[in-house]
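All remarks here apply to the structure that follows.
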Amino acid sequence: MKKYMILPLLLVILVSFSANAGAWGKKGWQWWDNGPIVKELGLSEDQSAKAKEISAKFDPILQKSNENYMEKKKAYKDAKSNPNASTGDVIKAFDSMWESKYKMMRIKLDRDLDMKEVLTPEQVTKLSEIKKEHKEKMMKEHQKMIDKKLKKEEN
C-alpha cells in the first residue's frame, strides 16, 4: 500500500521541479508571467510576447551572473571567517563580491529598461504602483513572521 502512496508524491515533486527549472530565481513573481497583473495592465498579446522574449533573452545571462555572484559571496564569507586570511584578501574578496552584485543588478536594469520600452506610459505608471503595493504587502508579511517568531521565543 505504501508503494502506491509514494508514486503520487514522487510525481508531485518531479512536476514542481520541472515547473521551476526555467525559473532560476524568479520566486514566482515576474509581472510578465503573472496573469492577473498582465490583465490589470491591459497588455496586448504583442506586448506580452515581446516582454517574454526580453525575459528569455536575459534569463540565461542573469542566471550566469547570479551564479557568479553566489560564488563570490561564498568566497568572501570564507575569507572573512578564515583566521589565516589577510586583511587584503578579505577586502579583495569583498570588492569582488560587490562588483559581481553590481553587474547582476545592471543586467536586471537593462532588462527592465527593455521591458519599459514595450509598455505605454500609463502601463509603466500602473506597473510601478503594482510593484509598490506588492513590496508593501511583502514587508507586512515579513513583519508578521518576525512578530510571530518573537512571540514564540517569549513563551
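The values are calculated or read from the model by the stated rules, or taken from the named source; none is laboratory data. Source: prediction; values computed, not measured. Counting neighbours? That spans all protein chains shown, and the Cβs are built from the backbone with ideal geometry, glycine included. Please note that ligands, DNA and RNA were not included when accessible areas were found on the heavy atoms of the full protein model with its side chains. Shrake-Rupley method; radii C 1.70, N 1.55, O 1.52, S 1.80 Å.
For segment 75-139, the carbon plus sulfur part of the accessible surface works out to 56%, probe radius 1.4 Å.
To the nearest 0.05, how large is the calculated FRET efficiency for ASP89 and GLU45 if R₀ is 41 Å and r is the Cβ-Cβ distance? E(calc), rounded to 0.05, equals 0.15.
What the Cα atoms of segment 72-155 give is an Rg and a Dmax of 20.2, 56 Å. Accessible surface of ARG111, taken over heavy atoms with a 1.4 Å probe and every protein chain present, rounds to 20 Å².
Here the gap between GLU141 and GLU153, fully extended at 0.36 nm per residue and compared with their Cα-Cα distance, gives a gain of 2.5 nm. Would you kindly find the accessible area of SER128, with a 1.4 Å probe and non-protein molecules such as ligands, DNA and RNA excluded, rounding to the nearest 10 Å²? Counting only protein heavy atoms, the figure is 70 Å².
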